[in-house]
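Single-structure report; data block below.
We did not get these values from a lab; they are worked out from the coordinates using the rules stated. All of these numbers come straight from a predicted model, not from anything done at the bench. For neighbour counting, all protein chains shown are included, and Cβ atoms are generated from backbone atoms with ideal geometry for every residue, glycine included.
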Amino acid sequence: MSEETKEMSFLGHLEELRWHLVRSAVVIFILAIVLFVFKEEIYNNFIIAHTHSDFVTYRFFCQVFSGIGIESSFCNIQIPNKLQALSLTQQLMSSLWVSMVLAVIIAFPYLLWEMWRFIAPGLHKTERKKSRGFLFIASFLFFIGVLFSYYVIMPMSVSFFYGYQISDSIINNFTLDSYISLFTNTMLGISLVFELPVVIYFLSKLGLVTPDFLRKYRKHSLVLVLILSAIITPPDVASQIIVSIPILILYEIGIYISGFVQKRQLKNAK
């Protein structure tokens, strides 16, 4: 650690943080502009792709269920791929918002890198070397969450809500705003949930959780996972189970990570 870093004042740290935030904001802004330019292609081929009955997930589930002899609604799914914009500015504001959200998702590794650059000078040399893997692992988990939410959660949600009907007198004719809200909340929410092992790692480093604690409250965590799954998925058992499985796997991975951290800390203490 350099003398300059050691002697940096509080205002100096704030100035350094400001520039990290500025660079992050510039990258997000540039990406958002590029995405906005190609908004039509992005909407047709990515954002509202779940409203197309030939979406890859619907075809996959149809083949799987048909292969095991179970009749599935995914084989004859009918989703009207028209959404309503109920205000003059809704399409413009929607495209701006989606461009910003997608820019944050794409720039996630860079945002982590900027955060690491701000923290790294305060770490020892060995800690800096070990923490570099954090950037890759956190980004990997985040994008696995993005793929899971896009190819699993969103198709199930869209097919369920379009197919759910209380009465024949009520027509499902959804607004662009409600669809985009579901899309962005699902993408960001699931992606952040997939960061659970990283969160457990840092909590274990701080001594706030231990593997014994995580094992003791495994049953409680199962209940919380089911509640979380019920919130972020359609209200049917199959969807909740599909979402619960990867979260529980991540929790078990977190127990292993916490045990690894504890062993390293005990070894270093000797």
*Quick one: Cα convex hull volume of the range 3-194, Å³ per residue?*
156
*So who's got an amide H within less than 5 Å of the one on I79, skipping anything under 5 residues away but keeping other chains? H placed 1.01 Å off N, in plane.*
S53
_Selection from V26, S73, L112, by position along the positive dipole direction of the range 3-194 (Cβ)_ = L112
_Dipole magnitude of the range 3-194 about its Cα centre (Cβ charges: Lys, Arg +1; Asp, Glu -1), debye to nearest 20_ = 480
*Non-local amide H neighbours of F194 (under 5 Å, H modeled in plane, Pro and chain starts lacking H): which ones?*
none
*Each residue of the range 198-215 in order: what ³J(HN,Hα) in whole Hz does its phi give by Karplus 6.51 cos²θ - 1.76 cosθ + 1.60, θ = phi - 60°, with x for Gly and Pro?*
5, 4, 4, 4, 5, 5, 5, 4, 7, x, 7, 9, 10, x, 5, 4, 5, 5
_Calculated FRET efficiency for the pair E41/N76, C-beta based, R₀ 30 Å, to 0.05_ = 0.55
*Most exposed first by the Cβ proxy, i.e. fewest other Cβ within 10 Å, how do L203, L14 rank?*
L14, L203
*So who's got an amide H within less than 5 Å of the one on T175, skipping anything under 5 residues away but keeping other chains? H placed 1.01 Å off N, in plane.*
Q84
*asked:* I want to check the label-to-label distance for D212 and I253. Put each point 7 Å from Cα in the C-beta direction and report it in nm to one decimal.
replied: 2.7
*Residue by residue through the range 173-189, which ³J(HN,Hα) values in whole Hz follow from phi under the Karplus form 6.51 cos²θ - 1.76 cosθ + 1.60 (θ = phi - 60°), with glycine and proline marked x?*
9, 7, 8, 4, 4, 5, 5, 5, 4, 4, 5, 5, 5, 5, 4, 6, x
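Counting alpha carbon pairs within less than 8 Å and at least 6 residues apart, what relative contact order, in whole percent, applies to the range 3-194?
Working: 138 pairs, mean separation 57.0, N = 192.
The normalised contact order for the range 3-194 reaches 30 percent.
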